[in-house]
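Let me begin by presenting the structure, written as structure tokens, before commenting on it.
The values are calculated or read from the model by the stated rules, or taken from the named source; none is laboratory data. Source: prediction; values computed, not measured. Positions of Cβ are generated from backbone atoms using ideal geometry, with glycine treated the same way; all protein chains shown enter the neighbour counts.
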Amino acid sequence: MANYLKRPNGTEDVTPALIHKWNTVEKVVKQTAESFGFSEIRIPTFEVTELFQRSVGETTDVVQKEMYTVVAKETQYTLRPEGTAGTIRAMLQNGMLAEALPQKVFYILSCFRHERPQAGRLREFHQFGVEMAGSASPYADAEVILLGKTVLDTLGLKDIVLNINSIGCPTCRAKYQEALKAYFEPHRAELCETCQERLVRNPMRLLDCKSAEDQAIAKDAPVILDYLCEECKEHFEAVKSALTDMGVDYIINPKIVRGLDYYTKTVFEFITTSIGAQGTVCAGGRYDGLIEQLGGQHIPALGFGMGLERLILTMEQQGCLFMEQNKCEVYLAPMDDSARPAALRFASALRQMGIRAEFDLLGRTFKAQMKYANKIQTKYLIVLGSNELEQGSGMLKNMQSGEQKAIRLDSVDHFTEDYTNISLSEML
């Protein structure tokens, strides 16, 4: 076995052979978000630990078990486990919430959680997310959900089911928490150690437990929809109506509570069965109290996160199309050392026109260069020899059709004039 250092467990390398898949997804999510009026934001990879304790919630699995935290000169810092808290912090700190509302931002970033690696779930993973601050309207909920659906549709994903729920506001949720306590209390001894603590501090977290035994106990637990106050009921009905008006199909799933404490009212997940148990490809909801919780005014907000690894995995499973890999468009093959300066000059001219051009850098024989050109699947080959250079020409070969033609080398413009009489970009 090779004696080299390997990447940490739960991380992945994205090699040049795979990057076109990431480029496909990132291009679609960026263009879609911008078409909905969202602007890109970039935030630090780590924040003070208190930010996540206050926002995500101290009783959540994320804070209790999964965060990567270090102490630097008595200050605790944590690699971000999700994107919302840091984004809201940035919007507050940079005065964005004092500007015209709603503020709408999106991001593509890496997140870190120490959990058991499996298909579609890594310790370092990447998220596309959107956050909208300033609107309490149910139409904002529907708009954000529609944005997520548009991304999934544009990528060509099939059999994705939208699940929605409402987890109410703090007022109606307090009554629900009491109902959950009454339901789970007789089962206290059967619950896992973490859930025994949750039963006291935050009973809704019991519904999010991954333990099969605890899930079986929770099967007949009360549902939040039966405890919603009138305002939350009206909001949820309006969200459903807006989704119907937009032609967005959904199912109501009262078991969705989301794993982070900052959520209120609408929560949703886009779920697929293509990648096994970890089938949520997009999840989010409303978090009307988070900005105030982090030191700002009471400003309603909502958003979602979409895991890029899961998106790509689902696309692969479903046979979705990706952009083509970036490959060499023109490879210049000097037949001897005297032709290498000409190869460099012509390659430089092509690159200035936006053409991906390469030439031999290893001093290969001409035969070896031909093998290399085939291996990298270049579209065109230009052969440069002493005789051709004396005449100011080269031999251009279409590597797919095999067609060959002499071309002049005194100007890149003549590259097209001598070959097909069309623009270089069209030819390539």
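Restricting attention to region 333-353 and to residues that are modelled with pLDDT under 90 and part of a loop (DSSP other than H, G, I, E, B), the residue that is nearest to R408 (Cα to Cα) turns out to be M353. So in region 108-122, with the set limited to residues that are among the hydrophobic types (A, V, I, L, M, F, W, C) and under 16 Å from D13 (Cα atoms), which one is surrounded by the fewest Cβ atoms within 10 Å (Cβ to Cβ)? Selected residue: A119. Can you say whether M370 is of a type outside the set (S, T, Y) and at pLDDT below 90, as far as the supplied structure shows? For M370, the condition - of a type outside the set (S, T, Y) and at pLDDT below 90 - is not met.
Residues that are of a type in the set (V, I, T), under 22 Å from E131 (Cα atoms) and under 23 Å from the mean Cα position of the chain (by Cα) number at least 3 in the following strands (runs of 3 or more DSSP E) confined to region 217-310: 264-271. Screening N9 with (1) under 24 Å from K210 (Cβ atoms); (2) within 20 Å of the chain's Cα centre (by Cα); (3) not in a helix (DSSP H, G or I) gives one miss only, at (2). Total residues in region 305-332 satisfying the condition of being more than 30 Å from V267 (Cα to Cα) and basic (K, R): the figure is 1. On the basis of being under 24 Å from L152 (Cα atoms) and touching a residue at least 24 places away in the same chain (Cβ under 8 Å), does G86 make the cut? Answer is no for this residue. Please go through region 354-410 and give me each residue that is in a strand (DSSP E or B), without any contact (Cβ under 8 Å) to a residue 40 or more places away in the chain, of a type in the set (A, V, I, L, M) and under 13 Å from P334 (Cα atoms), ordered by number. Hits for region 354-410 are M395, L396. The residues listed here are E231, E213, E190; of these, the one that is surrounded by fewer than 19 Cβ atoms within 10 Å (Cβ to Cβ) and touching a residue at least 40 places away in the same chain (Cβ under 8 Å) is E231. Take region 123-141 and flag every residue that is farther than 17 Å from R89 by Cβ, buried (at least 19 other Cβ atoms within 10 Å of the Cβ) and in contact with a helix residue (DSSP H, G or I) (Cβ under 6 Å, 6 or more places away or on another chain). Result: F125, H126, F128, P138, D141. Every condition in (1) surrounded by 16 or more Cβ atoms within 10 Å (Cβ to Cβ); (2) outside the structural domain of G284 (by TED's automatic domain parsing); (3) in contact (Cβ under 8 Å) with a residue 24 or more places away in the chain; (4) not hydroxyl-bearing (S, T, Y) holds for C195 except the one numbered (3).
Does region 55-76 contain any residue that is under 30 Å from L321 (Cα atoms), in contact (Cβ under 8 Å) with a residue 12 or more places away in the chain and not in a loop (DSSP other than H, G, I, E, B)? Within region 55-76, none of the residues are under 30 Å from L321 (Cα atoms), in contact (Cβ under 8 Å) with a residue 12 or more places away in the chain and not in a loop (DSSP other than H, G, I, E, B).
Flag not set for T171, criterion: in contact with a helix residue (DSSP H, G or I) (Cβ under 7 Å, 6 or more places away or on another chain), surrounded by fewer than 21 Cβ atoms within 10 Å (Cβ to Cβ) and not hydrophobic (A, V, I, L, M, F, W, C). Of everything listed in (1) free of Cβ contacts under 8 Å to residues at least 60 places away in the same chain; (2) of a type in the set (D, E, K, R); (3) in the same structural domain as M91 (by TED's automatic domain parsing), the single unmet condition for R340 is (3).
Each row is one residue, and each column tells you yes or no for (1) closer than 22 Å to E115 by Cβ; (2) hydroxyl-bearing (S, T, Y); (3) in contact with a His (Cβ under 8 Å, 6 or more places away or on another chain); (4) modelled with pLDDT of 95 or more.
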{"position": "I224", "(1), (2), (3), (4)": "no, no, no, no"}
{"position": "D249", "(1), (2), (3), (4)": "no, no, no, yes"}
{"position": "N253", "(1), (2), (3), (4)": "no, no, no, no"}
{"position": "I256", "(1), (2), (3), (4)": "yes, no, no, no"}
{"position": "Y262", "(1), (2), (3), (4)": "yes, yes, no, no"}
{"position": "S274", "(1), (2), (3), (4)": "yes, yes, no, no"}
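For the subset of region 99-122 comprising residues that are part of a loop (DSSP other than H, G, I, E, B) and in contact with a helix residue (DSSP H, G or I) (Cβ under 9 Å, 6 or more places away or on another chain), which member is nearest to V239 (Cα to Cα)? Per the stated criteria, the residue is P102.
Surrounded by 14 or more Cβ atoms within 10 Å (Cβ to Cβ), under 29 Å from E234 (Cβ atoms), in contact with a Cys (Cβ under 7 Å, 6 or more places away or on another chain) and not small (G, A, S): which single residue out of L180, L146, L206, L162 fits that description?
Exactly one of L180, L146, L206, L162 is surrounded by 14 or more Cβ atoms within 10 Å (Cβ to Cβ), under 29 Å from E234 (Cβ atoms), in contact with a Cys (Cβ under 7 Å, 6 or more places away or on another chain) and not small (G, A, S), namely L206.
Restricting attention to region 282-321, the residues that are surrounded by fewer than 24 Cβ atoms within 10 Å (Cβ to Cβ), under 30 Å from V14 (Cα atoms) and touching a Leu at 6+ places or on another chain (Cβ under 7 Å) total 4.
Scan region 37-53 residue by residue and report those that are in a loop (DSSP other than H, G, I, E, B) and surrounded by fewer than 16 Cβ atoms within 10 Å (Cβ to Cβ). The answer is G37, R42, P44, T45.
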